[in-house]
Structure formats: C-alpha cells, structure tokens
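**Student:** Quick one: the structure is below, and I'll ask about it shortly.
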Amino acid sequence: MAVVFSVTKGMSALCTAMLVDRGHLDYDQKVVHYWPEFGQNGKENITVKQLLHHEAGLALIDTPITIDLLMNYDELGKALAKSPPIWEPGTTHGYHAFTFGFYASQLLTRADPKRRTIGEYFCDEIARPFGIEFYIGLPKELNYRVARYFKDGEDINAVKSFLRSQLDPTNRDVSWGMVTGQSKLKEVIDNADDLMDFYQFNDPRNREVECPSATGYGTAEALAKVYGIIANGGKTSDGKQLLSEKLIKMLEEGGTPLLKDEILGIPSRFSFGFHRLTYQDREMLGHPGFGGNNAYADSKYHIGVGFVTRYASQYGFGNDPRFASVIDALYRAIQKLEV
C-alpha cells in the first residue's frame, strides 16, 4: 500500500454518492438541512452539489489545518462551520485541495443514520463488503504494509527535477499562476500548515488520522477494483451492488463547466467530488493525486485503473510520465484486442 494523496477524494466522493443512492442525502438540498451550524457567514444557501463541486468557496478556513485539529473531530467541525467563503458560492469553482474531505466527512456524519465519519463509512460499506484494501485513517497494525513515502527533488537534483517538471504545460501554468498571483494556490498551501509536511505521514500515529482529502492508503489493485465496479454499471461480477446505474449516469453526465480554476489557475472540471479526467478526447470519472498517483473508471471499455507510487514525482494532475506510459500501453493492448 501507499499514501495516494488526492486520489482519496474520489473515495470520499463515492461515500457521499452511496448516501445519495440510499436516500440519506440529496445533492440539491442545502447543506444546512443536514448541518445547521454550517449556515454561518454567508453559507446559508450553499447546496450539497455546490459543496462537492468545489463551488462553495471554502478552499481556505479561518484556522491553520494542524494534526491536533484533525484529531478533534468536533472542533474541526466548528472551525469548518464558521469559516466564510472566499467567493460567492455557486458563481465559479476552485479546487478545495485540503478542505474538501473535511467538509464531506462532517456532512456525511450528519446525513448518515449511524453518524459515522467518512473513514468509518468507507470501511463498513465499501472496504469490507467489496474486499477493497483502502483506508481513510490507517489502522496502526497495518503500518508494515505501507511503503515509506519519498519525494523526488529533495536531494542535490532538486533544481533539475523542478525544471524538468516545468517542461509539462500543466505544471508550468500552475507555477506561473502562483508566481504571478493569478491563482490562490499559495494561500491554500499556507493554510494547510501541518499537511504540507508530507514526511510526517511516514509516522504511524499520523497515519491513523482521517484526512479524507489527501491521506488515504491503499493498493493500485484496490483503486482499480472500485473504479472497475463503477465502469461496469455499479455491480460486481457476482451481482453485488455498489452504486445504481442511475446514480453513475448522473455522476458521468453532471458536473461543473470546464473553466479556469480559481485555486489552481488552470481549467478544471468536477462532478460531485470526482475529477473529470481526459484521455484521447474522452472524459472519465476519477481523481488524480500528488506525486503521480491516479485512478479512474473507463466506462467505454469497462475497466478501472489504479496507479500508486511511493516515489512522489512533481506531477499531480494526471500528467506523470510514468502513469502516461502505463496508460498508453494499456490502450495499445486494448486496441490490438479490438482488431
């Protein structure tokens, strides 16, 4: 297993989708319907859909995001509830890089009849029933299974690694937005505080903490299996239901327009917490993650894809050259089968 960073958001989005499928949550309902305390400082009319679409303007909160804060679920909820939007909700979208999972979990807890956190929900409703080796909040006894995280570019080749990554147009545009102030990514990174010290997630004590945006732990096979089920109409080969076809169709057809992301400074598109990934001019449901991690569902070919790495590169938008080479090989093989 490895830490998969923002690929975790896709698993969090799946949990909220299951609540919608089961009638416990409504994408069109206002968040305050489930979480009254949320309705502070201009957030009264934010809908569940806007929150999950990264349209709520809540990419920053009023307090630094520390490990101590994450360990106190009630205090975290209060901090999230009182934080004001940084743009008028519903008017645009911007990647809630760290806060997305915290808001999703607090919402899920209030909508779930059993009042579970998102990590508990994933374990009970997805991991155990479907044999998915993925955790949002890693049990301490499983630490020996997780590869230690290592980041590319933190040795004498740091400058070389960074410059090489800037040959990629997406990386270059994101960097330019931060340098020129045309995006808010620097503010988001500053607000993330403890979460930017990625090496601390080699510590078993910190791996236990639920961070549904960024620190899920699992195997490539687990991610591929989840998205494979989604790509095959929401059912396993033996007929076990994960999501309904109706709900999957909503996820695949809905979402935000492809617009400039207020946080990243590049075009992005989201659908109820999932990222809309593009390959060969086709959009697919999934989510990339920092360091090259990635996962998605390809409904055309009925396959799920999962890619994880312990050696985190400087590519976090589905553009890692290692991932690209694997995917190119996959589709070349598929095309040969079709001939």
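The values are calculated or read from the model by the stated rules, or taken from the named source; none is laboratory data. Predicted, not measured: the structure shown is a model, and the values here were computed from it. Counting neighbours? That spans all protein chains shown, and the Cβs are built from the backbone with ideal geometry, glycine included.
**Student:** Can you confirm whether GLY273 is of a type in the set (Gly, Ala, Ser), crowded, with 21+ Cβ neighbours inside 10 Å and within 24 Å of HIS54 (Cβ to Cβ)?
**Tutor:** When the stated conditions are applied, GLY273 passes them.
**Student:** Check whether at least one residue in the stretch 139-154 is of a type in the set (Lys, Arg), crowded, with 19+ Cβ neighbours inside 10 Å and closer than 26 Å to GLU75 by Cβ, and report yes or no. Reasoning before the result, please.
**Tutor:** Residues of the stretch 139-154 of a type in the set (Lys, Arg): 140, 145, 148, 151.
Keeping just the survivors that are crowded, with 19+ Cβ neighbours inside 10 Å gives none.
No; the residues of the stretch 139-154 include none that is of a type in the set (Lys, Arg), crowded, with 19+ Cβ neighbours inside 10 Å and closer than 26 Å to GLU75 by Cβ.
**Student:** Can you name the number of the only condition in (1) hydroxyl-bearing (Ser, Thr, Tyr); (2) in a helix (DSSP H, G or I); (3) over 21 Å from the mean Cα position of the chain (by Cα) that TYR103 fails?
**Tutor:** Just one mismatch for TYR103, condition (3).
**Student:** Next up: Is it true that LEU264 is surrounded by 15 or more Cβ atoms within 10 Å (Cβ to Cβ) and hydrophobic (A, V, I, L, M, F, W, C)?
**Tutor:** Criteria met by LEU264.
**Student:** Is it the case that the stretch 219-232 has a residue that's surrounded by 16 or more Cβ atoms within 10 Å (Cβ to Cβ), touching a residue at least 24 places away in the same chain (Cβ under 8 Å) and polar (S, T, N, Q)?
**Tutor:** Yes; the residues of the stretch 219-232 include at least one that is surrounded by 16 or more Cβ atoms within 10 Å (Cβ to Cβ), touching a residue at least 24 places away in the same chain (Cβ under 8 Å) and polar (S, T, N, Q).
**Student:** Is it the case, given these coordinates, that GLN314 is surrounded by fewer than 23 Cβ atoms within 10 Å (Cβ to Cβ) and either within 27 Å of ILE86 (Cβ to Cβ) or among the basic types (Lys, Arg) (or both)?
**Tutor:** yes
**Student:** For MET284, indicate whether it is more than 30 Å from ASN191 (Cα to Cα) and out of contact with any Leu (no Cβ under 8 Å at 6 or more places or on another chain). Steps first, please.
**Tutor:** Numbers: more than 30 Å from ASN191 (Cα to Cα): yes; out of contact with any Leu (no Cβ under 8 Å at 6 or more places or on another chain): no.
Against the criterion (more than 30 Å from ASN191 (Cα to Cα) and out of contact with any Leu (no Cβ under 8 Å at 6 or more places or on another chain)), MET284 does not qualify.
**Student:** Also, quick follow-up: For the stretch 162-193, enumerate the residues that are outside any helix (DSSP H, G or I), surrounded by fewer than 19 Cβ atoms within 10 Å (Cβ to Cβ) and either in contact with a helix residue (DSSP H, G or I) (Cβ under 8 Å, 6 or more places away or on another chain) or touching a residue at least 24 places away in the same chain (Cβ under 8 Å) (or both).
**Tutor:** Within the stretch 162-193, GLN166, ASP168, GLN182 meet the criteria.
**Student:** State yes or no: is GLY239 touching a Lys or Arg at 6+ places or on another chain (Cβ under 9 Å) and modelled with pLDDT under 95?
**Tutor:** Against the criterion (touching a Lys or Arg at 6+ places or on another chain (Cβ under 9 Å) and modelled with pLDDT under 95), GLY239 does not qualify.
**Student:** What pairs come out if I take residues in the stretch 18-47 that are closer than 18 Å to LYS114 by Cα and pair them with residues that are among the small types (Gly, Ala, Ser) and not in a loop (DSSP other than H, G, I, E, B) whose C-beta lies under 8 Å away, six or more apart or interchain?
**Tutor:** Within 8 Å, the pairs are LEU19/ALA111; HIS24/ALA111; LEU25/ALA111; TYR34/ALA111; TRP35/ALA81.
**Student:** When the stretch 106-145 is examined, which residues are found to be part of a loop (DSSP other than H, G, I, E, B) and either of a type in the set (Val, Ile, Thr) or touching a residue at least 12 places away in the same chain (Cβ under 8 Å) (or both)?
**Tutor:** Within the stretch 106-145, ASP112, PRO113, THR117, GLY131, ILE132, GLU133, GLY137, LEU138, PRO139 meet the criteria.
**Student:** With respect to GLU187, is the statement that it is at pLDDT 90 or above, within 19 Å of ILE266 (Cβ to Cβ) and touching a Leu at 6+ places or on another chain (Cβ under 7 Å) true?
**Tutor:** yes
**Student:** Okay, moving on. Mind listing just one residue for me: the one in the stretch 232-261 that is in contact with an Asp or Glu (Cβ under 6 Å, 6 or more places away or on another chain) and not small (Gly, Ala, Ser) and, of those, nearest to THR278 (Cα to Cα)?
**Tutor:** LEU247
**Student:** On to the next question. Please go through the stretch 1-59 and pick out each residue that is in a loop (DSSP other than H, G, I, E, B) and of a type in the set (Gly, Ala, Ser).
**Tutor:** Of everything in the stretch 1-59, those that are in a loop (DSSP other than H, G, I, E, B) and of a type in the set (Gly, Ala, Ser) turn out to be SER6, GLY23, GLY39, GLY42, ALA56, GLY57, ALA59.
**Student:** Out of LEU52, LEU25, LEU60, I need the residue that is crowded, with 18+ Cβ neighbours inside 10 Å, among the hydrophobic types (A, V, I, L, M, F, W, C), out of contact with any Leu (no Cβ under 8 Å at 6 or more places or on another chain) and farther than 19 Å from ASP194 by Cα. Which one?
**Tutor:** After ruling out the rest, the residue left standing is LEU52.
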